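Beneath this line is the structure, given in structure tokens, with notes to follow.
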Amino acid sequence: MSNLMESSSSQDYQIKKVFNNNVVLVTQEDKVNSSSKEVILVGKGLGFAKKTGDIIKSDSLNIEKEFIPVNDEKKEQYNQLVKTVNEEIIGLTTEIIAMVSEELNEELDKHIHIALTDHIAFTLKRIKEGMEIRNPFLPETKTLYNEEYRLAQKAVKMIEERSGIPIPEGEVGFITLHIHAARTKQGVSRAVKYTSLIREMIDFIEDRLEIAISHESLNYARLVTHLRFALERIETNKINQNPLLDKIKEDLKQSYQIAEELSNLIHKRLDVVVPEDEKGYLAMHLERLKKNLN
């Protein structure tokens, strides 16, 4: 998704494309190496009344952010995006990426420039065509990635203000996953896989224990958080020793049985073996959950 950087060259920029009043795609010549690079500039009024070929001084005070939009291997994909997606959407998405980078004070994966732009363009198209946007993983996403969710809410507000189209809350969840994927540089599909698996595990727990866990409750937040970090430990093969394992197996038979069933589900979805110690911790958490809900 995005790579935030400061300009290190004194060479001026030549506009290649104006996306909106605040975002322009430019080229910058490197006369020393006889080469050039494409850069996205973000800043209030940078693109106002500008056209292709115009020059922007490299020391312009209006330049707030500078992005190299994609790695070389994704350059052709990005060029196709520029040709096919509405330039206002590209500009708006770039402003969103700049906002997220600034608030987090982090570099994001460059691929977000392609993935998030494509996603927002498709979302607006679906809403205009009257298609419903449903997000079955919204509660889990909200709990798992709280900081990213807050930024996604700001992003959706920016989209609504520019497009004049009301955006459903489910879309906040999807943008959250894009932001999280850009932070971790592990791709949106992995974030979706984790989130959907946690949703499946919670459904399984509710069914086996014959309970309903409020999405707003502390119990729910604790459970989702435990499952997230458990999955990360299991996938990275980090052993979390459990000195109470034998006692848990003896005293918490039902909870341990459910933990084993959940472990089979994890094995099926992620193709990883869940260590006995991890099953013990999961059983302890399930036992606490049962007591808190009784």
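The values are calculated or read from the model by the stated rules, or taken from the named source; none is laboratory data. Here the structure is a predicted model, which means the values were calculated and not measured. Don't worry about glycine lacking a Cβ; one is built from the backbone with ideal geometry, like all the others, and counts go over all protein chains shown. What goes into the accessible areas is simple: the full protein's heavy atoms, side chains included, and nothing from ligands, DNA or RNA. Shrake-Rupley method; radii C 1.70, N 1.55, O 1.52, S 1.80 Å.
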Dmax and Rg, reported as Rg then Dmax, of the range 163-202 (C-alpha, Å):
12.0, 38
Hey, what number do you get for the chain at 222 nm if only DSSP H runs of n ≥ 4 count, each worth -39500 (n - 2.57), divided across all residues, to the nearest 500?
-19000 deg cm²/dmol
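When Rg is the radius of gyration of the Cα atoms in the range 63-106 and Rh is its Kirkwood radius, what does Rg/Rh come to?
Details: Rg = 11.6 Å, Rh = 11.6 Å.
My calculation of the ratio gives 1.00.
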Using amide H atoms built in the peptide plane, which far-off residues or other-chain residues are under 5 Å from D12 H to H?
S58
For K51, the lysines lying under 18 Å Cα to Cα, once residues fewer than eight places off in the same chain are dropped, come out as K16, K17, K83
What residues qualify as long-range amide H neighbours of S36, i.e. H under 5 Å apart, gap of 5 or more or another chain, H built at 1.01 Å from N?
D30
Which of the listed residues, G130, V100, N219, is farthest toward the dipole's positive end in the chain, when Lys, Arg count +1 and Asp, Glu count -1 at the beta-carbon?
G130
Treating only the Cα positions of the chain as identical point scatterers, give the base-10 log of I(q)/I(0) from the Debye formula at each q in 0.15 Å⁻¹.
-1.08
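Can you give the alpha-carbon Rg of the range 104-223 over 2.2 N^0.38 Å, where N counts its residues? All intermediate terms of the calculation are to be shown ahead of the outcome.
On the way: Rg = 15.3 Å, N = 120, 2.2 N^0.38 = 13.6 Å.
The reported ratio for this selection is 1.13.
Would you mind getting the accessible area per residue of the range 96-250, heavy atoms of the protein chains only, 1.4 Å probe, in Å²?
On the way: 7680 Å² over 155 residues.
Heavy-atom accessible area per residue stands at 50 Å².
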Taking R190, R162 and ranking on accessible area (1.4 Å, protein atoms only), highest first, one gets R162, R190
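How would the range 78-152 be classified by its alpha-carbon gyration tensor: rounded, prolate or oblate, with rounded meaning a/c under 1.5 and the a/b versus b/c comparison settling the rest?
Details: a/c = 2.30, a/b = 1.10, b/c = 2.10.
Note, shape of the range 78-152 comes out oblate.
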Determine how large the accessible area of M284 is when every protein chain is in place; take a 1.4 Å probe and give Å² rounded to the nearest 10.
70 Å²
